[in-house]
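Asks: This is the structure, below, for whatever I ask next.
The values are calculated or read from the model by the stated rules, or taken from the named source; none is laboratory data. Predicted model only: the values in this text are computed from it and were never measured. Cβ coordinates were reconstructed from backbone atoms using ideal geometry, including for glycine residues, and neighbour counts include every protein chain displayed. Accessible surface areas use protein heavy atoms only, side chains included; no ligands, DNA or RNA. Shrake-Rupley method; radii C 1.70, N 1.55, O 1.52, S 1.80 Å.
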Amino acid sequence: MSIEVRNIDKRFGDFIALDDVSLTIPSGQLTALLGPSGGGKSTLLRIIAGLESADTGTIQIEGRDATDLPPQKRNVGFVFQHYAAFKHLTVARNVAFGLEIRKRPKPEIRAKVVELLELVHLDQFADRLPSQLSGGQRQRMALARALAIEPTVLLLDEPFGALDAKVRKELRDWLRRLHDEVHVTTVFVTHDQEEALEVADEIVVINEGRIEQVGSPDELYDQPANDFVMSFLGPVTRLDGNLVRPHDLFLATSDPGDASAVGTVTRLVRVGFEVRVELDVAGQSVQAVVTRAEARNLDLREGGTLWIRPVAGAVIVEATERLAVGDLDGIDGDGADAVPVGR
Amino acid sequence: MADVLATRPDRQPALPVGIAAPRRRRPRRRARSVLLTWLFRLIVVTYLFFLVAWPVSLVAQKTFEDGFSALDTALSDPSITFALKLTVIVALQAVLINLVFGVGISLLLVRYEFRGKRLLSALIDLPLSVSPVVVGLALVLVYGGRDGWFGPALQDAGFQVIFATPGIVMATTFVSLPLVIREVVPVLTEIGTEQEQAARSLGANAAQTFRRITLPGIKWAVVYGVVLSLARSLGEFGAAKIVSGNFEGQTQTATMAVEQKYQDFQQASAYATAFLLAAVSVACIVVVSIIRPKQERKR
């Protein structure tokens, strides 16, 4: 087992950033620490890197106790959200930094830098300064720089958080492919559930300083441990005191006999291929999502009556009080491209 | 941050062409702003000319009224050459001390949290607001050989501060203390700690991180601070005069020599020495402002 986190506590004044966190991160995998901002995931990453120290608890990296080691002795690669490029050094010198510190022979450094710059597709930018690169290129440079020291673990703190949506998506795919090539144990922090679901082998959901669930993307999505995990991984709606995914609801225009509820359509919004249906069920708002074709077959109209039940195999989790109402509004995001149905 | 500021003028979008209404109004607005710009320029240039450029240039003019004879006279006067040498020695020592402590205190102020930080920060500005004469008197009270707090003990140990070079260095260091710090602190704040953390995670220890990452980042702030300190140190007069005792050929610095020659009706020597002092300071600032922008653009 690669990283062993045991009973870590961390406070900033009165604020509890991490509350008795224990976690095992397996070797050679891509693990995501997922959670809302302020949930403690970045703090945990920084404690693993040694950039922050825990109040209590221990950290082991590849079987070696690292709790009291300074960052430069932990052999971890760290990638920052805002790149932390060495502004006065060229791309090549940035990548070479860790090797120069380790006093490796010059020809070895040169060969390694060339190899890494090819790996991150920056070979033609070797002599540029970081200020002459785009955000995505800078982050790839930072990644090459971290990989140069052949780290035991690679830690990435919201690595794509400062990039625009398109570059973000590209780099996400690229990171996945890179990891399949390099196989270094990688942990990255993100608040974007899509990013975690798409890239990670394993996801650790962290909220309010505690770990909510650890598992593969499928496990987390199909068997969420609680309502928080369920609502954080995707849109949910509340039906009969339970949480269910809007696309897991079966809608019928006549009574199918086993319906859980009957409601009136209050609003229809079409976003591309999907139609978002908002229903009023005994004064409660319930959201459902159907495809364009289904909506047409059902002949959905505002004011119409619908019978609802979860489809077979739907994920259903009991809703508890701690879930804020705002968490349920996932479906109600009025995209600019939303078009009312039937106009 | 610097990048954004640097590129902003280029990014200023041209007003949309082809829209009738703004196009008609635009020339008038532009004409007015051009006129205003020129007016402000004129005011600033006039102000600086009468306050700075003209008086200083008169010193140069007086110096070279009879060709190089004034400079020759001054430079063959042993009391003046001594004063110039002493000034250079004192200024270099003061700058060196302020360089080391200035960078150190800046790091302390920006990178560490401790009690009394605001007080320290306020104290650092004190030398700018207190009259150098007061500084001189205060130093005499503490280090004076006969009745200062430390003075007698130091003198018994064979170390004279007041009426000697160490006192002049102290007074000069005191008055130029904030200059390096005030240049370095904002830059240190702006570059942040991420690059340093990245260096640490890549295996650099504290000293390597400082030398390879922090220092290059604050290099130009340090250079500018040093130049300002040097210029200020060369010109120090009030505090230095009180602690030095102004003994010709022993503790008299260049500024004191200027005053004395002027009062002794040796105007030519006074002007020549004053010219040399001004020339060095101007040269320092010109050199730095020529090399600095090029480097900034590269970043």
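Asks: Only one of B:Leu71, B:Leu92, B:Leu51, B:Leu58 is out of contact with any strand residue (DSSP E or B) (no Cβ under 6 Å at 6 or more places or on another chain) and crowded, with 16+ Cβ neighbours inside 10 Å. Can you tell me which?
Replies: Of the residues listed, the single one that is out of contact with any strand residue (DSSP E or B) (no Cβ under 6 Å at 6 or more places or on another chain) and crowded, with 16+ Cβ neighbours inside 10 Å is B:Leu71.
Asks: Looking at the range A:31-52, I want the residues that are farther than 17 Å from A:Phe15 by Cβ and have a partner that is aromatic (Phe, Trp, Tyr) and buried (at least 22 other Cβ atoms within 10 Å of the Cβ) with Cβ atoms under 8 Å, at least 6 apart or on another chain. Which pairs are those?
Replies: Filtered contacts from the range A:31-52: A:Thr31/A:Phe188; A:Ala32/A:Phe188; A:Leu33/A:Phe188; A:Leu34/A:Phe232; A:Ala49/A:Phe78; A:Leu51/A:Phe78.
Asks: Still on this structure, I have one more. Would you call A:Arg172 away from every other protein chain (no Cβ under 13 Å), within 20 Å of the chain's Cα centre (by Cα) and either basic (Lys, Arg) or outside any helix (DSSP H, G or I) (or both)?
Replies: yes
Asks: Say whether the condition of being over 17 Å from B:Leu234 (Cα atoms), open to solvent by 40 Å² or more (accessible area, probe 1.4 Å) and in a helix (DSSP H, G or I) is met by at least one residue in the range B:155-174.
Replies: Yes: the range B:155-174 contains one or more residues that are over 17 Å from B:Leu234 (Cα atoms), open to solvent by 40 Å² or more (accessible area, probe 1.4 Å) and in a helix (DSSP H, G or I).
Asks: Please list, ordered by first then second residue, the pairs with beta carbon atoms under 9 Å, 6 or more apart or interchain, first in the range A:136-163 and over 18 Å from A:Leu117 (Cβ atoms), second among the charged types (D, E, K, R) and assigned to a strand (DSSP E or B).
Replies: Qualifying pairs under 9 Å: A:Thr152/A:Arg64.
Asks: Could you count how many residues in the range A:78-91 are surrounded by 22 or more Cβ atoms within 10 Å (Cβ to Cβ) and either among the basic types (Lys, Arg) or in a helix (DSSP H, G or I) (or both)?
Replies: 1
Asks: Same structure, new question: Check A:Lys103, A:Lys112 and return the single one that is part of a helix (DSSP H, G or I) and either under 22 Å from B:Gln197 (Cα atoms) or open to solvent by 20 Å² or more (accessible area, probe 1.4 Å) (or both).
Replies: A:Lys112
Asks: For the range B:196-231, give me each residue that is open to solvent by less than 20 Å² (accessible area, probe 1.4 Å) and facing another protein chain (nearest Cβ under 9 Å).
Replies: B:Ala198, B:Ala199, B:Ser201, B:Leu202, B:Gly203, B:Ala204, B:Thr209, B:Ile213, B:Gly217
Asks: Okay, next question. Just checking, how many residues over the range A:37-77 are assigned to a loop (DSSP other than H, G, I, E, B) and facing chain B (nearest Cβ under 9 Å)?
Replies: Final tally of qualifying residues: 5.
Asks: Counting only residues that are open to solvent by 10 Å² or more (accessible area, probe 1.4 Å) and either in contact (Cβ under 8 Å) with a residue 24 or more places away in the chain or within 13 Å of chain B (Cβ to nearest Cβ) (or both), how many does the range A:117-132 have?
Replies: 8
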